[in-house]
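Each remark here refers to the structure printed beneath this line.
Each value in this text was obtained by applying a stated rule to the coordinates, not by laboratory testing. Computed from a predicted model, the values in this text were never measured in an experiment. Positions of Cβ are generated from backbone atoms using ideal geometry, with glycine treated the same way; all protein chains shown enter the neighbour counts.
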Amino acid sequence: MTRCTRALLLVLALFMTAAGCGLAAPGGSDAEPKVTILGPWTDEQELQFKDVLNGFGIPYTYQGTAATREVLLAEVQAGNPPDIAILPGIGELVEYAAEGRLRSLRGLYEPTEYGKPWRPGAEGVADHLWMPLKADLKSIVWYRKGEAPQPHPAPLTSWCMGMGDDGASGWPGSDWIEDLILQRMGPVLYERWATGDLDWTDDRVIAAWTTWAGMLAQDPDVAGRMLLADHRGPVGGHGLLLGGGCDLEHQGSFARAFYGDRSGEATFDDSAPLLPGGGYTVRAHEVSADFAALFGEGGQARELIRRLASRDAQEEWGRKGGVFSPNAAVPPKKGAVDKEVSRRFTDPRVPLCLDASDVMPAAVRDAFYEAVLLTMAHPAEPVRPRLTDIQKVQNAQAENTHRLTGVCGRPQ
């Protein structure tokens, strides 16, 4: 993906947002100040999130977009950031914190309710500058109920896969590589790699990436179609798994939302035995979170974050939206699939590791996604040159990077 292409995608994202994507302002008059919120949820998920917000009685404006990172950057550069920004990861938030743009969240939530890895820190940056509002389990594979896969790797043609996304095409492929590195190398080396302490050109990283490329090379034409497909499936459909001719989908717990009214037909299992080059045993579970940060200084914005972080709001959102809370005080939901997700979130024997691309500096993350897309387009080509290019980007960022800590850890 060229710089021009990325610039065009950003312009389109900003245009869509400016056109009124996901705006709502319940309560209050037009002259009354409203808390401005930027978040990643649109469509049905946006409505569910707003339903929770509406119960607080705090006037707000919500701006929902899949391009949260790009929109936030544009608004910050324009001198008009939202009061609250919610991002799928903290790589950018660390950079904003280093620039002194974030306000402390101390006193707005109970830190003891969030164990590892939900409260990662960063070297040289103050604590309590972000908090997770919503969590997702990765390192899983979805399949149709009654059609459990064999406990060994499946061919490429069995997999549902799509690289397309409104905000950052290529991230679904990064999840594959991250999971492979995690299950092959374990959480200690995974954390070193995710935080820039292990080179992209390390032989173990190259081996994991080559394993994924080898699966794609089984059928380059199929890989090419996956490159162009949307990870959510056709518009108005039931996702890739239930709406297509594939049998397995390596996506996080959020994928259930794509299945719509047929979500009850799908279930999941751990990904480790099914990954290419395996089967592997489960060494850890990759997870992701949407982190809230405070850019504004108003008391209403602080109160809104306090309400969102409360056990009652987290539990209500879980009921209405089917989402999972990283807050240990929130009781598990009762559905069979929900119980299995919650069990993995809370099993003290198995570490949890944050999504690696979400904790990387923005430039490194973008280079990662670009290399994923190039690998899908040309799976038979050697991967080392692509990883060398990412390493060059990482080296260029080294002096300005505040390395994250606590990316992996055992649940409390």
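For Glu95, Glu147, the sequence from fewest to most other C-beta atoms within 10 Å is Glu147, Glu95. Shape annotation for the chain: C-alpha extents along the principal axes are 61, 49, 42 Å, from largest to smallest.
Paramagnetic label reach from His402 (point 7 Å along Cα→Cβ; backbone nitrogen cut-off under 14 Å): within the stretch 108-134, residues 120-131. For the stretch 41-137, trypsin sites (Lys or Arg not before Pro) are listed when DSSP marks them as loop and at most 11 other Cβ atoms sit within 10 Å of their Cβ; the list is Arg106. With respect to the chain, whose longest principal axis is taken over its alpha-carbon atoms, helix 384-397 is tilted by about 30°.
Panel note: the C-alpha atoms of the stretch 104-153, placed on their principal axes, show extents of 48, 22, 14 Å (largest first). Within the chain, DSSP assigns beta bridges of which about 65% are antiparallel (rounded to the nearest 5).
Helix 299-309 and the long axis of the chain differ in direction by around 40°, with both axes built from C-alpha atoms.
Each label was represented as a point 7 Å from its Cα along the Cα-to-Cβ direction; for Gln77 and Leu47 these points are 3.5 nm apart.
In a simple Cβ point-charge model (Lys, Arg +1; Asp, Glu -1; nothing else charged), the chain has a dipole of about 700 debye relative to its Cα centre.
What are the trypsin sites (Lys or Arg not before Pro) within the stretch 323-412 that DSSP puts in a loop, where the Cβ has at most 10 other Cβ atoms within 10 Å? It would help to have the intermediate numbers written out before the result.
Working: sites: Lys333, Lys334, Lys339, Arg343, Arg344, Arg349, Arg365, Arg386, Lys392, Arg403; in loops: Lys333, Lys334, Arg349, Arg403.
The qualifying sites are Lys334, Arg349.
Extents of the stretch 296-385, largest first, come to 51, 41, 25 Å (Cα atoms, principal axes, whole angstrom). Qualifying GluC sites (Glu not before Pro) in the stretch 285-349, where qualification requires a DSSP coil assignment and no more than 11 other C-beta atoms within 10 Å, comprise Glu297. With the cut-off at 1.5 for a/c, could you classify the stretch 263-412 from its C-alpha gyration tensor as rounded, prolate or oblate? It comes out oblate by the Cα gyration axes. In the chain, helical runs assigned H by DSSP with n ≥ 4 each contribute -39500 (n - 2.57); averaged across all residues and rounded to the nearest 500, the mean residue ellipticity at 222 nm is -12500 deg cm²/dmol.
Tell me the net charge near Ala272. Cut-off is 11 Å between Cβ atoms, Ala272 excluded, with +1 for each Lys or Arg and -1 for each Asp or Glu. Computed value for this residue: -2. Against the chain, whose longest principal axis is taken from its Cα atoms, helix 3-18 shows a tilt of about 40°.
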